[in-house]
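Written out below as structure tokens is the structure these notes cover.
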Amino acid sequence: MMIDNNMYAMLQQLRSNPMQMLSKRFNIPQNINTPQDIIQYLLNTNQVTQEDVNRAMEMRRQIFREK
Amino acid sequence: MAYNNNFYPQQYYPQFYPQNPQQMPIQQQSQQQMPSQTPAQFQQPSPQPINSGLVSIPSEADARNYPVGYGQSVSFRDENAPYLYTKTMGFSQLEPPKFEKYKLIKESSDLPVKASESEASNKLPSYAEKSDIEDVRAEIKALEEKVSKLAEKKKKKEVVEDDDD
């Protein structure tokens, strides 16, 4: 599979600083840096739905339960 | 199968198909033809937990801190205590979130439903009907008439005895 150079650069950036990458992607302000605040910001700006959040939290709960 | 001039079969990607076509490699974008159908129909559904409407949380504090969007309401079930919570957000930042707590009480299943109903009916006082009261009144009236007749007979008898004397 041929990977584009842009995609490779994005992957590298994601590995080195994932929070900065996500902040850029979703236009999250710099002062919001905790997961709870980020999720609330994404909800307030309608970038994610409540169902998305519920599903993600449920998956997180199951993952941590299995550990 | 004949194809229309404007219709091309869509390429199928069984494993991966991003939502945003801009993220796809340039070579794939040029090769792909875009029919009127949306690509999302060919996505394999990822395994999702069944959403029963209740979010399970370990404690009340987690429910209070749970992220809820404006104008949304989420219900929670406490895994470690018999409580249900609901968190409702207003439509603006000025309105504080509304948090409600409900206690779950298990009803006793020892008594069957029919016995409990008969007990309830026994507790109610028994009232007489109007027809019963009318019958009693009629009996009383008949007795009064009898008594008055007897009293008249007795008076007449006494008068006759006095006259004989």
Step through the residues of region A:52-64 one at a time and calculate ³J(HN,Hα) from phi using the Karplus curve (6.51 cos²θ - 1.76 cosθ + 1.60, θ = phi - 60°), rounding each to whole Hz and writing x for Gly and Pro. 4, 5, 4, 5, 5, 5, 5, 5, 4, 5, 5, 5, 6
Here the tail fraction of P(r) beyond 17 Å, over all Cα-Cα pairs of region B:54-106, rounds in percent to 32 percent
Label model pair B:L143, B:S56: point-to-point distance (7 angstrom along the Cα→beta-carbon line) in nm is 7.4 nm
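Rounded, prolate or oblate: which fits chain A when a ≥ b ≥ c are the square roots of the eigenvalues of the alpha-carbon gyration tensor, with rounded for a/c under 1.5 and prolate only if a/b beats b/c?
oblate
Laboratory data are not the source of any read-out in this text; all were calculated from the coordinates shown. Quick caveat, the model's predicted, so the values are computed rather than measured. Cβ coordinates were reconstructed from backbone atoms using ideal geometry, including for glycine residues, and neighbour counts include every protein chain displayed.
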